[in-house]
Amino acid sequence: MLVTTDFLIVGSGIAALSTAAQLTGAGEVLILTKAERSEGSTGYAQGGIAAAIGPGDSPALHAADTIRAGDGLCHEAAVTVLVTEGALLVGQLIDWGATFDRDATGAIALAREGAHSVRRVLHARDATGREIERAVWKHVSANLSPRVLTHASVTDLLVEDGECAGVRFFTNDGTAGAVRARATLLATGGAGQVFSDTTNPAVATGDGIAMAFRAGARIADMEFVQFHPTALSVPGGPRFLLSEALRGEGAQLVNADGDRFMARYHEAGELAPRDQVARAMVQEAQRTGRPVSLSLQHLDPDFVHARFPLVSTTCRRFGLDLARDRIPVGPAAHYLMGGIETDLDGRSSLPGLYAAGETACTGVHGANRLASNSLLEGLVFGARAGRAMRAERRDRRRAEPPSRYGSRIPDAFPDNTEAVLEEVRRMMWQSVGLFRDRPQLEQAVTALTDRWTDVARHVTALPIRAEAWKLVNVVLVSGLIASAALWREESRGAHFRSDFPARDDLHWRRHGCQQGALGRVSESGLNR
Ligand code: FAD
Ligand code: SIN
C-alpha cells in the first residue's frame, strides 16, 4: 500500500488534533494512529489544562511558575509562547464546545495543583483530556474531514536527500505500507512505557523519538523524566493515576502511622513540585519501612465522589473508598520533558519533519513540567506546527515506492521479546528512576547499548511484528534516557543524582542532545 498526501500526522492526541485544526483548506490531511483514535495520554488526562484566565492571574505569573518548576532550564521564549497563546487557545476550546466545570456563579471553576501560585487549572471533573479531545475532534472532523487510519503503526521515517519524505507503517492485519507527504508531523506522545511503573497507556513507547533518532534528527533533554507522586499502588493493579487535583482540593499524604509528613520535606507540603513530592514519599517510606497513602478522610465524601468520579470508581474496583479509606500510592513514570528537538514552530532538525506535544522538546518545561501544562503544550505548539506545515512549499510526494518497501522481519528476531522487554523496563525503573547514580547508570547504559546493538540490525528490514517494534523502540529510548542521565552530573528538576545532589548552574545550565550514535551527548540547539 503506497499512499500520498499533502500533510501526514502521526498520532491522534491533542497535539495531532491541534495541528490538524490549522490545516483546513490547505490540502489533504492523513492521520495515522497506532490504536483506536481515542487511545493516548490525552484521553486519560485527569487534572486539567492550565491557563491564566482567572482573577489575580496573568500570563506573566503563569510564566514565573512554569520557569520556577523548570528549575533553571526552561527555554523562556517557549514559555512566553505557551502562556500567552495558551490563554487564547483555551478560550477557543470553549468556543469549540469544550465544557469545563463551573462554580455556583457560572464562572469557570479553576483548580489548584502543585507549584501553581494561584488556582489556574480548567477541568471537566477528573476526565479533562477526554472532554478536550471530544471538542477538538468535533471541530476538526466538521471543518476538515481528514482521512484517519487507525491501528496503523508507523515504524520509520522515509529519508531522501537528507529530508523527511513520509513514513513506513504496518496495520493490524500485517499489511505494510508507506506514505509520502509534503510535510510530516510526529505527535506520538510520551514514553512512560519504558519504565515498569508508569501512569501512561500502552501506546506510549516513545516511537516518534526512536524513529526520529534513527533518521538522524536531534533528540534533546532525555534525562528529564517526570515521576508523578500518586499512582495507585495495589498488588497486581495498574498504576492508575490519582490526580494532583486531589491534593489541590486538600488530600493529604500520610505515612503508615497516619502522620502527615510532607511539611518536613518542603514548605509547600503536598503542593510542592512533583519531583520533590515523589522523592519525599520514597524517603518517608524508606524511613518508616512502610508505604505511604493519600487520605481524603477529612473532606466531605459527597464532594469527593462528585468531583472525582473516575478516580472514585477506579478505587472502588480495588475495594477502596476514595473518601473513607487511605489510598495506597507511590510514584510512577508519567511525562517526558525531553524529546525531538524542535523550534517554536515544531520544526525538527530534519527538513520536512515536524514534532509537537509530548514527543517534542521545545525546552518549554525545562527540567520539570508544571502540572497541567502538557495539554496546553499540545494545544499551543500543535497549532504552531500546523501553521508552519501549511507554509511548506517543497513537495516530497514522488510516486515510486520507497526503497526497502515490502521487506519482512527476519526470523532471527528474538522470540523471547516479551521477557526481554520486561527486563529492560524493570532495569529502567530500578537504575534510571527517581534516584540515580553513576554505577547504576553505567551498568544500564552498557546493558542497553549491547541490547541495542543486538536489536538494531533487525531495523534494516521492515519488521511487521508489533512486539518486535515495541522492543526496538523501548530499548533505543531507554538507551537515550540512561545516556543523558549519566551525562548530567548534577541534580536538577526531575533528574536526581545521589552522587551529585546539588544543582550546578556553572557547568550544567544547558541542554544536551543526542544525534546519530547512542550514548554520545553533545550541545543542543536549544542553548542558542
Ligand atoms: P498522546 O495524547 O499520548 O497521543 C499520542 C498518539 O500517538 C496516540 O494516538 C498514539 O496511539 C499515537 N502513536 C504513538 N506511537 C505511534 C506510532 N508508532 N504510529 C502511529 N501512532 C502512534 N497533562 C495535563 O496537562 N493535564 C492533565 O490533567 C494530565 N493528566 C494526565 C493523566 C495521565 C494518566 C497521563 C498518562 C498523562 C496526563 N497528562 C496530563 C499528560 C498529558 O496527557 C500528555 O502529555 C498529553 O496528552 C500528550 O499529548 P500528545 O498529543 O503529545 O500525545
Ligand atoms: C494530574 O491530574 O495529576 C496530572 C496532571 C498533569 O500531568 O499535568
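The values are calculated or read from the model by the stated rules, or taken from the named source; none is laboratory data. No experiment lies behind these values; they were computed from the predicted model shown. Here Cβ is always computed from backbone atoms with ideal geometry, including for glycine, and neighbour counts include all displayed protein chains.
Pairs are defined by a Cβ separation below 8 Å, a sequence spacing of at least 6 or placement on different chains, a first member in region 330-348 that is at pLDDT 95 or above, and a second member that is within 11 Å of ligand 1 (Cβ to nearest atom) and among the charged types (D, E, K, R); the pairs so defined are 332/239; 335/358; 335/369; 336/358; 337/369; 339/358.
Residue count for region 116-141 under the criterion of being within 19 Å of residue 59 (Cα to Cα) and either more than 9 Å from ligand 1 (Cβ to nearest atom) or touching a Leu at 6+ places or on another chain (Cβ under 7 Å) (or both): the result is 7.
Inclusion of residue 525 among residues that are at pLDDT below 95 and farther than 15 Å from residue 221 by Cβ is not warranted.
For beta carbons closer than 7 Å, sequence separation of 6+ or different chains, a first residue in region 224-253 that is more than 21 Å from residue 358 (Cα to Cα) and a second that is more than 14 Å from ligand 2 (Cβ to nearest atom) and among the basic types (Lys, Arg), the qualifying pairs are 252/260; 253/260. When residue 287 is tested against (1) of a type outside the set (S, T, N, Q); (2) in contact with a helix residue (DSSP H, G or I) (Cβ under 8 Å, 6 or more places away or on another chain); (3) away from ligand 1 (no atom under 16 Å from the Cβ), only condition (2) is not met. Exactly one residue out of 65, 71 is within 16 Å of ligand 2 (Cβ to nearest atom) and either hydroxyl-bearing (Ser, Thr, Tyr) or surrounded by 17 or more Cβ atoms within 10 Å (Cβ to Cβ) (or both): that is 65. Against the condition within 12 Å of ligand 1 (Cβ to nearest atom), of a type outside the set (A, V, I, L, M, F, W, C), modelled with pLDDT under 95 and surrounded by fewer than 24 Cβ atoms within 10 Å (Cβ to Cβ), how does residue 156 come out, does it pass? Spelling it out, residue 156 is indeed within 12 Å of ligand 1 (Cβ to nearest atom), of a type outside the set (A, V, I, L, M, F, W, C), modelled with pLDDT under 95 and surrounded by fewer than 24 Cβ atoms within 10 Å (Cβ to Cβ). Of everything in region 333-366, what is under 20 Å from residue 429 (Cβ atoms) and in contact with a His (Cβ under 6 Å, 6 or more places away or on another chain)? Give them in sequence order. If the condition is that a residue be under 20 Å from residue 429 (Cβ atoms) and in contact with a His (Cβ under 6 Å, 6 or more places away or on another chain), then 334, 337 are the ones that fit.
Could you please let me know if residue 352 is out of contact with any Ser or Thr (no Cβ under 8 Å at 6 or more places or on another chain) and at pLDDT 95 or above? Against the criterion (out of contact with any Ser or Thr (no Cβ under 8 Å at 6 or more places or on another chain) and at pLDDT 95 or above), residue 352 does not qualify.
Only one of the numbered conditions (1) over 24 Å from residue 17 (Cα atoms); (2) away from ligand 1 (no atom under 16 Å from the Cβ); (3) surrounded by 16 or more Cβ atoms within 10 Å (Cβ to Cβ) is not met by residue 76, and that is (3). Assess whether residue 91 counts as being within 20 Å of the chain's Cα centre (by Cα) and either within 16 Å of ligand 2 (Cβ to nearest atom) or part of a helix (DSSP H, G or I) (or both). Considered against the rule, which asks whether it is within 20 Å of the chain's Cα centre (by Cα) and either within 16 Å of ligand 2 (Cβ to nearest atom) or part of a helix (DSSP H, G or I) (or both), residue 91 comes out as no. When 490, 422 are screened for being at pLDDT 95 or above and crowded, with 16+ Cβ neighbours inside 10 Å, only 490 passes. Restricting attention to region 339-364, the residues being within 16 Å of ligand 2 (Cβ to nearest atom) and part of a strand (DSSP E or B) number 1. Within region 24-54, the set of residues being away from ligand 1 (no atom under 12 Å from the Cβ) and either within 16 Å of the chain's Cα centre (by Cα) or outside any loop (DSSP other than H, G, I, E, B) (or both) comprises 29 only. Residue 367 passes every criterion in (1) crowded, with 24+ Cβ neighbours inside 10 Å; (2) among the small types (Gly, Ala, Ser); (3) more than 16 Å from ligand 2 (Cβ to nearest atom) apart from (3). Within region 367-397, the residues that satisfy the criterion of being more than 13 Å from residue 8 (Cα to Cα), within 16 Å of ligand 1 (Cβ to nearest atom) and part of a helix (DSSP H, G or I) are 374, 375, 376, 377, 378, 379, 380, 381, 382, 383, 384. Selection of region 8-41 for residues being out of contact with any Leu (no Cβ under 7 Å at 6 or more places or on another chain) and within 14 Å of ligand 2 (Cβ to nearest atom) yields 13, 40, 41. Only one of the listed residues (167, 81, 136) is in a strand (DSSP E or B) and under 22 Å from the mean Cα position of the chain (by Cα). That residue is 167. Apart from one condition, residue 98 fits all of (1) away from ligand 1 (no atom under 13 Å from the Cβ); (2) surrounded by fewer than 19 Cβ atoms within 10 Å (Cβ to Cβ); the exception is (2).
If you check 268, 217, which single one turns out to be among the small types (Gly, Ala, Ser), crowded, with 16+ Cβ neighbours inside 10 Å and either at negative phi or touching a residue at least 60 places away in the same chain (Cβ under 8 Å) (or both)? Result of the check over 268, 217: 217.
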